[in-house]
Amino acid sequence: MKNLSNKEMTSWLFLAPVLFIHLLVVAIPSLSSLALCFTDWNGFGKINFVGFENFLELFDDRVFKKAIIHNLIWTVLFLTVPIALALLAAFLLTGVKRFQMFYRFVFFFPYILASIVNCLIWKYLFHPIHGLAAFFKDIGWESLATSPLTTKETSLYAVAFVDGWHFWGFLVVIYITAMYQVDESLYEAADIEGASKWQTFRFVTFPSIRPMFLFSFLIIIIWSVPAFDYVYILTSGGPAYSSEVVANFMYFEAFRNMNVGYASAVGALMFVYVFTILGFFWTLRKLGWEI
Amino acid sequence: MRISENKLRGAVSNHIILMTLALTIIMPIMVLVFNSIKPDEEFGINPLGFPETVRLMNYYDAFVIGNYAQVMMNSLLLVTGTLTVCLTFSSMAAFSLAVLNPNGKATILIGIYLLVGLSIPAQLFILPLFIIWKNLHLNNTFIGLILIYSALNAPFAVFLIRSYMVQLPRELFEAAIVEGASTFQLFTRVALPLSWPVFLTTGLVVSLAVWNEFLFAVTFIHNEEFKPISTILYSFQNRREENYALISAASIMMAAPLAILFILFQRNFIAGLTSGGTKG
Amino acid sequence: MRVISKSIFYGIITTSFLFSTVAVSKTQISWWNYSNEGSGLNAALTQYIQDGFNSSQSEIELEIIFKEGEYNEATRTALLAGVGPDIVSSSGATYVAKYVEGGFLKSLEGYAEKFGWSDKILPWAYNTGVFSDELYSLPKNYESMLYFYNKTLFEENGWSLPTNLAEYEALAAKIQEKGLYPFAYGSSGWQMTHEHLAGNYLNTVAGPDNVYKAMVGEKEWTDPEFVESLELLKKHMLAGYWSGSLENYYAVGWDDFSAQFQNREAAMLQIGSWGFEIATGLDGKSDDWGWAPLPILTEEGGEPNYQLSVGGTLSINAASKNPDAAAEVLNWILTNKDTIIELTKSRNFGEWLMPLYYEEADFAGDIEPKLRDYLVDFSERTGNGNYGYTTWTYYPPEAGTHIWKDMEVVWAGDISVEEFLVEQQKLWEKARKNNELLPIAAR
């Protein structure tokens, strides 16, 4: 083992290509963009230094505050429903031989489709005049007779639902990749001992896919930060900002209101948030969690 | 005997649950399929049901108007290029993080760096990147776009592959070292061959991301001849008159190559399992 | 090193793609336009403008490149980097103002003088492209807000078009009694639809004189006329004038409201002049249609006005290597009225209706007479000074976004109309302070 871990230099060499392109494409441009958070640049004209003014204004911005809360709700939703469904489906899939490929293909299919297509399908399913809502109206279920995308109580959940509908099949594929790493003999042993399905999952499958599970957990938290396209296409954050999320807010400030400096301040706060989350995970790791 | 009965009952309940889940996907997708063979005029009155008149010409129209043959070739080139660059670089990095130095400070720092990278919305850096790319003369080139896609997908690929490589038995590497393998040989002869299932999954996810990517494509490509496939959906969609029939037909044609890729990749995957993928 | 890498990249591209290179001797002019392949815009522009211009002379080769999605963003990114097309198209004065501020556009003053452009374009439209006394953009199409109505349905029920607020509300009630929507409309897919309604009510309730005063700073947006306008809009919105309810209005998009209007689900359509495209969809069906200017929604009514709007512009990139050739292209367009009329006709007059001096003779042949009536009426009324102001041609960026984006908050009941207008006023003051106001047609 000594032989392996001593090769600090070699390990850096293996990392170098990825780091190089990522620094060039993402890090350097992002940092130069973030530097604008202390300015009032509108994306076209002169650049004036304004200190922390953008941040003070942001902390006072009711739409921004709303967007942050929505992002947190969004994160919690995605950490629960799609993960639970995907774990269930992936685990059940390892137990069936027939139709396995069919199920996997079906679960994954929405993830293949472009976001505007998925949004189109659901916009019409939700449609109050032509869609399921009209059907519910006909049978007298008035509370379901409007599109959930258009009422401020439900819009955020409706958008998250459509995004989650297309996303969870992706998690199935990820988990199933990991589940194939599980030693077949462990399952046989569990079977012989008469373990229930839940016990098999709890004591055999789950511990084996733990790294992949934690990875998916972390990545969902991270991916919830820039969540944008489904919101943008389905509601643009409306009605009345009821489905506004931070990335859409930032996009809007930068490209519609022409407040590039202000948008950069939003970007800077996103960084702070992500670092906090990662710091939290790091602490857990230091406390002895295997991540 | 009891066990197999249990198993049988288990299999039936498995199928019931799985089929229920599958139906929540199949039914909305059927709407898409119906719409792809519906005349556009019928949408305002019948957007969900089976078309009154079936119009298969939607596919032909989308193929011709969208210049499908060309945009698909362009996207194939982008996917192939990105897979080559991204998977090579990412697997090296994953190997470094998972095997060479799994507990070092570098691993944690790089891990944090890449995770932060995943959280950055494109709108934040696309403009400065455009200026850099212009100065490097990478604008309006496939190479330029392939480098961008490789970088954007690298963090995810690195982590996915790493999560798999971490689970590989350490003894295998130690045995190889005893036999005098160099670090590079550990990578090519031990790590890569053992991790192929995760490459199929990562390759699939990266291909998909590139195939469907639109924002960078439309910003960085300025020639009609270089347009990738993701632009055709947007060319049928506009503030006025979204041509749903053509969008639906085009989107199914757009998904078809990926669906085939999925079946190819994931079939092999199962074959790998039954032939004892874990025996190493 | 740079030369080497460049040639390598180009080498790879040319080997992957054998695109035909055009004869080198011609001057190449590029133009980015938004893309709408599904409805045939791309083909029409290529045919009428690109091919039409290229065959008219042998010095310059024009290529129109279609940018999908939000083309203003792709354009802005390219302009900032000092590249982009020779001919820059934009969605309106808001963008032009910003491009001018960034120094991305070439002043067209010299060309305008040389080619006599001010004699070709209607003055109010020409002025939307003038910044600090210099011309920077040409208006690509003009629009106004109109009523379209199902004439047959109106005749069957003995309805007539309203001329004041009382008649307007009475008509809406009658239509709703019939189980129809007074207006087909909705904002799905285009949230900015709200600003059409906001502008309509500001211009027909408070009236264009007040709107003008508020824009130039002689009045405040918080004044009672404006509060009254938006209160009325809110009342009508919640009463379901547009597609039945606020929720339906949010859920309905272009195809839906077109179908509603064409299939007798709604009696009228309150939309921009691009709605001719929808109304002509009734041709060939048993129902006849008509159009009218928006009625004045006060107790006593009044002389209707047309809101002025320029919905698209053409400019020359400051970084263009061949601005003279680009100006030749623009001049060719302005001097070929026949081609432009053919082009706009192929788009059902929804796009490319350039604000040129048209004469009766220009519309010989098979042009839709209702449209000709509109064009004539528009120039007569606006010529008499009876014009109002669309938000998207005259509002500075932030106030222009606020008027539709935050209108939803008013409709949701989260804030009052007064609170909304306090914010509007603030944004106008900020824009005035930062010198961001757009050229405003005087009264």
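Quick check: anything in the range C:84-93 in a helix (DSSP H, G or I) and either of a type in the set (A, V, I, L, M) or touching a Ser or Thr at 6+ places or on another chain (Cβ under 9 Å) (or both)? The answer is yes; a qualifying residue exists. Any residue in the range C:219-231 that's not assigned by TED's automatic domain parsing to the domain that holds C:Ala412 and assigned to a helix (DSSP H, G or I): show its pairings with residues that are of a type in the set (Gly, Ala, Ser) and surrounded by fewer than 18 Cβ atoms within 10 Å (Cβ to Cβ) at Cβ separation under 7 Å, as long as the two are six or more apart or on different chains. Listed pairs, sorted by first residue: none to list. I'd like to know if the range B:101-115 contains one or more residues that are more than 18 Å from B:Ser163 (Cβ to Cβ), under 22 Å from the mean Cα position of the chain (by Cα) and within 7 Å of chain A (Cβ to nearest Cβ). There is no residue in the range B:101-115 that is more than 18 Å from B:Ser163 (Cβ to Cβ), under 22 Å from the mean Cα position of the chain (by Cα) and within 7 Å of chain A (Cβ to nearest Cβ).
In summary, helices (runs of 4 or more DSSP H) completely within the range C:331-423 and bearing 2 or more residues that are under 20 Å from the mean Cα position of the chain (by Cα) and more than 26 Å from C:Tyr126 (Cα to Cα) occur at C:397-405. Among the residues of the range A:14-27, not a single one is in a helix (DSSP H, G or I), more than 9 Å from every other protein chain (Cβ to nearest Cβ), within 32 Å of the chain's Cα centre (by Cα) and modelled with pLDDT of 90 or more.
Look at (1) in contact with a strand residue (DSSP E or B) (Cβ under 7 Å, 6 or more places away or on another chain); (2) over 21 Å from C:Gly383 (Cα atoms) and you find that C:Leu294 fails only one, number (2).
Scanning the range A:158-187 for residues that are modelled with pLDDT under 90 and farther than 24 Å from A:Tyr103 by Cα turns up A:Ser185, A:Leu186.
Here A:Ala89 does not qualify as within 14 Å of chain C (Cβ to nearest Cβ), modelled with pLDDT of 90 or more and either over 30 Å from C:Ile415 (Cα atoms) or surrounded by 20 or more Cβ atoms within 10 Å (Cβ to Cβ) (or both). For the range A:141-176, taking the residues that are at the interface with chain C (Cβ under 10 Å from one of its Cβ atoms) and assigned to a helix (DSSP H, G or I), the one that is farthest from the chain's Cα centre (by Cα) is identified as A:Thr150. Residues that are among the aromatic types (Phe, Trp, Tyr) and not in a helix (DSSP H, G or I) were ranked within the range C:97-133; the one that is nearest to the other protein chains (Cβ to nearest Cβ) is C:Phe104.
Checked against the criterion of being among the aromatic types (Phe, Trp, Tyr) and either crowded, with 21+ Cβ neighbours inside 10 Å or closer than 30 Å to C:Gln28 by Cβ (or both), the candidates C:Phe420, C:Phe363 yield just one match: C:Phe420.
Scanning the range B:159-196 for residues that are basic (Lys, Arg) and surrounded by 16 or more Cβ atoms within 10 Å (Cβ to Cβ) returns a single hit, B:Arg162. When A:Thr205 is tested against (1) over 23 Å from B:Gly111 (Cα atoms); (2) at pLDDT 90 or above, exactly one condition is not met: (2).
Criterion applied to A:Tyr251, A:Tyr241, A:Tyr273 was being under 24 Å from C:Arg76 (Cβ atoms) and of a type in the set (Phe, Trp, Tyr), and the one residue passing it is A:Tyr251. Just checking, does the range A:37-49 include any residue being more than 14 Å from chain C (Cβ to nearest Cβ), under 28 Å from C:Val409 (Cβ atoms) and touching an Asp or Glu at 6+ places or on another chain (Cβ under 9 Å)? No, that holds for no residue. The residues of the range B:118-151 that are closer than 28 Å to A:Val231 by Cα, more than 7 Å from chain A (Cβ to nearest Cβ) and within 19 Å of the chain's Cα centre (by Cα), listed by number, are B:Ala122, B:Leu145, B:Ile146, B:Tyr149. Among what's in the range A:231-254 and is assigned to a helix (DSSP H, G or I), hydrophobic (A, V, I, L, M, F, W, C) and touching a residue at least 24 places away in the same chain (Cβ under 8 Å), pick the residue that is nearest to the other protein chains (Cβ to nearest Cβ). Of everything passing the filter in the range A:231-254, A:Ala254 is nearest to the other protein chains (Cβ to nearest Cβ). Answer with yes or no whether A:Phe105 is away from chain C (no Cβ under 14 Å), under 30 Å from B:Ala245 (Cβ atoms) and among the hydrophobic types (A, V, I, L, M, F, W, C). Yes, satisfied.
Here is the figure for the range C:243-273: residues that are farther than 13 Å from A:Thr150 by Cβ and more than 12 Å from chain B (Cβ to nearest Cβ) total 5. So, in the range A:115-126, exactly how many residues are in contact with a Ser or Thr (Cβ under 6 Å, 6 or more places away or on another chain) and at the interface with another protein chain (Cβ under 7 Å from one of its Cβ atoms)? Qualifying residue count, the range A:115-126: 1. For B:Ser96, the test of being more than 7 Å from chain A (Cβ to nearest Cβ), among the small types (Gly, Ala, Ser) and within 25 Å of B:Phe199 (Cβ to Cβ) is failed. Among the residues examined, C:Glu247 qualifies as in a helix (DSSP H, G or I), of a type outside the set (Phe, Trp, Tyr) and either touching a His at 6+ places or on another chain (Cβ under 6 Å) or without any contact (Cβ under 8 Å) to a residue 12 or more places away in the chain (or both).
Matching residues to (1) assigned to a helix (DSSP H, G or I); (2) at the interface with another protein chain (Cβ under 9 Å from one of its Cβ atoms):
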position: B:Tyr164; (1), (2): yes, yes
position: B:Gln167; (1), (2): no, yes
position: B:Glu171; (1), (2): yes, no
position: B:Ala175; (1), (2): yes, no
position: B:Gln185; (1), (2): yes, no
position: B:Leu200; (1), (2): yes, yes
position: B:Leu208; (1), (2): yes, yes
position: B:Trp211; (1), (2): yes, yes
position: B:Val218; (1), (2): yes, yes
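Counting the residues of the range C:170-214 that are within 14 Å of chain A (Cβ to nearest Cβ) and in contact (Cβ under 8 Å) with a residue 12 or more places away in the chain gives 14. Filtering the range B:122-181 to residues that are of a type in the set (Lys, Arg) and in contact (Cβ under 8 Å) with a residue 40 or more places away in the chain leaves only B:Arg162. Could you list, in sequence order, all residues of the range C:89-141 that are over 22 Å from C:Gly385 (Cβ atoms), touching a residue at least 24 places away in the same chain (Cβ under 8 Å) and aliphatic (A, V, I, L, M)? Selection gives C:Val96, C:Ala97, C:Val100, C:Leu105, C:Leu108, C:Leu135, C:Leu138. Within the range C:171-202, restricting attention to residues that are crowded, with 23+ Cβ neighbours inside 10 Å and either outside the structural domain of C:Gln262 (by TED's automatic domain parsing) or outside any helix (DSSP H, G or I) (or both), the residue that is modelled with the lowest pLDDT is C:Ser188.
Filtered by the rule that a residue be in a helix (DSSP H, G or I) and farther than 20 Å from B:Ala122 by Cβ, the range A:28-63 gives A:Phe38, A:Glu53, A:Asn54, A:Phe55, A:Leu56, A:Glu57, A:Leu58, A:Phe59, A:Arg62, A:Val63.
The values are calculated or read from the model by the stated rules, or taken from the named source; none is laboratory data. Fair warning: this is a prediction, and the values are worked out from it, not measured in the lab. Here the Cβ is made from the backbone with ideal geometry for all residues, glycine too, and neighbour counts use every protein chain on show.
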